[in-house]
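Please treat every number below as a calculation from the coordinates, not as lab data. Source: prediction; values computed, not measured.
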Amino acid sequence: MKLVVYARNIIKTMIYKIIYINRFKLKISKVNSNSDILISKSGTLSLEGKASMRGGFINVNGGNLYIKNGFFMNRGCSINCQNRIYIGEDVIIGENVLFYDHNHRITNGIVDKNIFDLGEIRIGNNVWIGSNSIILKDVTIGDNCVISAGSVVSKDVPAQTVLIQKKQNYYG
């Protein structure tokens, strides 16, 4: 059974590579993906090293998504990239985590569903993001951080931080 799952994941990855040709850049030694990936004509997804994605959705709509070695994404996650998202080495993402490097523009209290304010997300090395968290645009999470389950991250998190909702504990 493991062999069948492994073969299916390799075939799915190769199909994405064929479909997206130059927009899906692989520098990997091992990938295990059960996620759906959508890359627009002007977007790129770069994977370097080992990556494991149990399920979820990656949508690169005109932006650039960079994922380094040791990446793990659990079920139900959604990475939505219209500008730039960088994910460092050895990042673990729990179930149902959402990433948005953009939001709808609001002018005079009116939401424009067709215009977006773009930003960036940077996730450092050795970061664990707990289940049901949301990472919003213009956020940097430093190296060696833990983001507790259910957090909404809208501001930078310094390196060596355990973020528990609105409380920060420093260690190290």
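If the limit is 24 Å between Cα atoms, which of Lys50/Lys155; Lys68/Lys137; Lys113/Lys137 go over it? Provide the component values of the computation, followed by the final result.
Numbers: Lys50/Lys155 29 Å; Lys68/Lys137 19 Å; Lys113/Lys137 17 Å.
Result: Lys50/Lys155 exceed 24 Å.
Counting only C-alpha contacts under 8 Å and six or more residues apart, can you give the relative contact order of the range 76-122 as a whole percent? Each step should come with its number before you reach the end.
Details: 69 pairs, mean separation 20.1, N = 47.
Taking the mean separation of contacting Cα pairs over the length of the range 76-122, I get 43 percent.
P(r) of the range 51-137 in 5 Å steps, Cα pairs, percent per bin?
4, 15, 24, 26, 16, 8, 5, 3, 1
If the chain between Leu38 and Gln165 were fully stretched, how many nm would it gain, using 0.36 nm times the residue separation less the Cα-Cα distance? Please report the intermediate quantities before stating the final value.
Working: separation 127, 0.36 × 127 = 45.72 nm, distance 3.12 nm.
Roughly 42.6 nm would be gained on extension.
State, as an integer percentage, the relative contact order of the range 58-102 based on alpha-carbon contacts under 8 Å between residues 6 or more apart.
Averaging sequence separation for qualifying contacts and normalising by length gives 44 percent for the range 58-102.
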